[in-house]
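Below is one structure, written out as structure tokens, with a few remarks after it.
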Amino acid sequence: MTIRHKLGAFIILMAAALALNAPAGLAQGPQGPPPDMTIDAATRAAVIDSAIKNLNEAYVFPEVAKKMEQALRERVANKEYDSVTSARAFADKLTTDLQAVSHDKHLRVRYSREVIAERQNAEEPTAEEIEQFKTILRQTNYGFEKIERLPGNVGYLDLRGFNPAEFAAETGAAAMSFLANTDALIIDLRRNGGGDPAMVAFLTSYLFGAEPQRPLL
């Protein structure tokens, strides 16, 4: 799987996300989620139109995309979004509403305080897009939300996603090394959105192989 394919869904959703102009000096920092923003009716309308356009052009099931469009337009007509002024809350609300129709947990709207440049090449991500992707992965600790040793020497790993192995393998190795001396292991995938098969293979190699295998890139 190439970086182009791994970034595909991410870029599509980010194009439909709240990519708003940030005032000078308020760009997203290297740690933690981006600061929230206050949005108005015009911004909400622009984001919804962009989301609908991207869904109709790129979603894998065109008939489901049309159903999501209808659901969003009905919610707009019912003024369900009129009181939402938080950019982050709006992204979360749109995600919930889209998933209610699609039942697709991979489909999300994410808020970015920084402007996300439109892609000029539909096949290959730009260097800037790759850096944005890497920044978001780093800010979410590559999906490794919580690691601890519970009473009885039971390891616990709250893993929120199988992010691309070429970026996440180092953090994964550190997590599995921390858990190596436990007598049992709980891997919590209840809020895991899936992801890269190479990362799945890398992590499971700690459980089933004699030696952990570095991912083939």
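Every number in this text was worked out from the coordinates using simple rules, so none of it is lab data. Keep in mind that what you see is a predicted model, and the values were worked out from it rather than measured. Every residue, glycine among them, receives a Cβ derived from its backbone with ideal geometry; neighbour counts consider all protein chains shown.
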Quiz item: Under the Kirkwood approximation applied to all pairs of distinct alpha-carbon atoms, what is the hydrodynamic radius of segment 140-208 in Å?
Solution: 12.0
Quiz item: So which aspartates and glutamates pass the test for Lys134, namely a Cα distance under 16 Å, with those fewer than 8 places away in the same chain ruled out?
Solution: Glu114, Glu124, Glu166, Glu170, Asp196
Exercise. State the dimensionless ratio Rg/Rh of segment 42-121 (Rg: radius of gyration of Cα atoms; Rh: Kirkwood radius).
Key: 0.95
Self-check item: Packing-based order for 73-81, 46-54, 60-68, using average beta carbon neighbours within 10 Å, highest first
Solution: 46-54, 60-68, 73-81
